[in-house]
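Participant: Just passing along the structure, written as structure tokens.
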Amino acid sequence: NQGLAPDQRLDLINDIEVNPGAIVSKTLRKSQHTNLTLFAFDKGQALSGHSSPMDAYVQILSGEIEITIGEKSTKVGANQLILMPSGINHALEALEPSKMLLIMASV
């Protein structure tokens, strides 16, 4: 296990910055069954289609991201959460400068 300590508090919005023309990531915790990662996307930055062996929950902290799961695209905005199920192709594109928390979990 690495990352977040039991008594550590994070300010998710302020712990990562959007960089022009880039995607920034910061691992908060990584273990065999759970990964927590902060992401910051500049407008137009994207993660191409891929799948994961774990369910992936995306919580948008600021901005708006278009998330495609299988063949369906959905706009997800601040304070919203969406599930990207394991084994299903998904992709993301920032519609504006955005920050998100990615929670990957296997049961």
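Participant: Mind ordering 62-68, 27-33 by average Cβ neighbours within 10 Å, highest first?
Facilitator: On the way: 62-68: 18.3, 27-33: 12.6.
Top of the packing list down: 62-68, 27-33.
Participant: Counting only pairs 8 or more places apart or on different chains, how many lysine pairs in the chain have C-alpha atoms closer than 20 Å? Numbers along the way, then the final one.
Facilitator: Details: Lys26/Lys43; Lys26/Lys99; Lys30/Lys99; Lys43/Lys75; Lys43/Lys99; Lys75/Lys99.
The number of close lysine pairs in the chain is 6.
Participant: Ratio to report: Rg/Rh of the chain, with Cα atoms as the point set and Rh obtained by the Kirkwood method; give two decimals. Don't jump to the answer; show the numbers that get you there.
Facilitator: Values: Rg = 13.3 Å, Rh = 14.0 Å.
Here the Rg-to-Rh quotient is 0.95.
Participant: Counting heavy atoms of the protein chains only and a 1.4 Å probe, report the per residue accessible area for the chain as a whole number of Å². List each step's numbers first, then the result.
Facilitator: Details: 6160 Å² over 107 residues.
Roughly 58 Å² per residue, with all protein chains present.
Participant: In the chain, what percent of the accessible surface is made up of carbon and sulfur (1.4 Å probe, ligands and nucleic acids excluded)? Walk me through the intermediate numbers first.
Facilitator: Numbers: 2950 of 6160 Å².
Summing carbon and sulfur atoms, their accessible area is 48 percent of the total for the chain.
Participant: Which far-off residues, 5 or more places away or on another chain, put their amide H under 5 Å from the one on Ile88, with H placed in the peptide plane?
Facilitator: Ser52
Participant: Rounded to whole Hz and in sequence order, give me ³J(HN,Hα) for the range 60-70 from the Karplus expression 6.51 cos²θ - 1.76 cosθ + 1.60, θ = phi - 60°, writing x for Gly and Pro.
Facilitator: With the stated coefficients, the range 60-70 comes to 7, 8, 7, x, 8, 10, 8, 10, 9, 10, x Hz.
Participant: For the chain, what's the relative contact order in percent, using C-alpha pairs closer than 8 Å and at least 6 residues apart?
Facilitator: Details: 280 pairs, mean separation 34.0, N = 107.
Computed value for the chain: 32 percent relative contact order.
The values are calculated or read from the model by the stated rules, or taken from the named source; none is laboratory data. Bear in mind that the values here come from a model prediction, so they are computed numbers and not experimental data. Cβ atoms come from the backbone with ideal geometry, glycine included; neighbour counts cover every protein chain shown. We work out accessible area using only protein heavy atoms, side chains counted, and drop any ligands, DNA or RNA first. Shrake-Rupley method; radii C 1.70, N 1.55, O 1.52, S 1.80 Å.
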